[in-house]
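Trainee: Handing you this structure, nothing more for now.
The values are calculated or read from the model by the stated rules, or taken from the named source; none is laboratory data. In this text, all values refer to a predicted model and were calculated from it rather than measured experimentally. Every residue, glycine among them, receives a Cβ derived from its backbone with ideal geometry; neighbour counts consider all protein chains shown.
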Amino acid sequence: MKFLDIGEVAEKSGIKPSALRYYEEAGLITSVARHGLRRQFPPEVLLQLKLIAMGKTAGFSLEEIAGMFYRDGMPNLSRDKIHAKADEIDLKIRELMALRDTLRHVADCPAPSHMECPTFRRLVDVAGKRVVKRAKEPKPKSGNRPA
């Protein structure tokens, strides 16, 4: 089996060697040997790095992502966790769409003053209620979720 040294992994993945070393320290990837001072990785590390990037984009913490791999580096994806994250993303999309619509209304509103616009006032009230609701919700502690 041909191993890839850290420079080759960095070139093929677009991830800096310093980030690769950090991912290794965090237990996300594992080097299998050294050639001189250069870490050597199995070719499968490129798939792992793609999955790590996807997980980061989805909003998973590095600790959560590390739990998504078996010891041999192969994916061990929890469908329940992925469904829960997809639900979070759906909620965020709805919130961002509402925010976009509010901003468009504010930009295009023909009222002399935004405070004179009943639609704007209603949108501000709705946004304010969301902020209060979020402030009252308990924050999940990072890393304390069951596996």
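Trainee: With Ile65, Ile82 as the choices, which residue is modelled with pLDDT under 95, within 16 Å of the chain's Cα centre (by Cα), among the aliphatic types (A, V, I, L, M) and surrounded by fewer than 17 Cβ atoms within 10 Å (Cβ to Cβ)?
Mentor: Result of the check over Ile65, Ile82: Ile82.
Trainee: Counting only residues that are closer than 30 Å to Thr30 by Cβ, give me the helices (runs of 4 or more DSSP H) lying completely in the stretch 52-147 with at least 3 of them.
Mentor: 62-66, 79-108
Trainee: In the stretch 21-59, how many residues are surrounded by fewer than 19 Cβ atoms within 10 Å (Cβ to Cβ), hydrophobic (A, V, I, L, M, F, W, C) and out of contact with any Pro (no Cβ under 7 Å at 6 or more places or on another chain)?
Mentor: Selection size over the stretch 21-59: 8.
Trainee: Out of all the residues in the stretch 40-55, which are touching a residue at least 40 places away in the same chain (Cβ under 8 Å) and closer than 16 Å to Gly67 by Cα?
Mentor: Of everything in the stretch 40-55, those that are touching a residue at least 40 places away in the same chain (Cβ under 8 Å) and closer than 16 Å to Gly67 by Cα turn out to be Val45, Leu49.
Trainee: If you don't mind, another one. Among the candidates Leu91, Leu103, which residue alone is exposed (fewer than 11 other Cβ atoms within 10 Å of the Cβ) and not assigned by TED's automatic domain parsing to the domain that holds Gly59?
Mentor: Matching residue, one of Leu91, Leu103: Leu91.
Trainee: Here's another thing I want to ask about it. Of all residues being modelled with pLDDT of 90 or more and assigned to a loop (DSSP other than H, G, I, E, B) in the stretch 33-51, which is farthest from Ile6 (Cα to Cα)? Just the residue, please.
Mentor: Filtering first and then ranking leaves Glu44.
Trainee: Could you look through the stretch 9-39, keep only residues that are free of Cβ contacts under 8 Å to residues at least 24 places away in the same chain and over 25 Å from the mean Cα position of the chain (by Cα), and pick out the one that is nearest to Met68 (Cα to Cα)?
Mentor: Once the filter is applied, the top-ranked residue is Arg34.
Trainee: Further question on the same structure: Scan Ala10, Ala26, Ala98 and give me the residue that is out of contact with any Gly (no Cβ under 9 Å at 6 or more places or on another chain), under 30 Å from Ala127 (Cα atoms) and of a type in the set (Gly, Ala, Ser).
Mentor: Ala98
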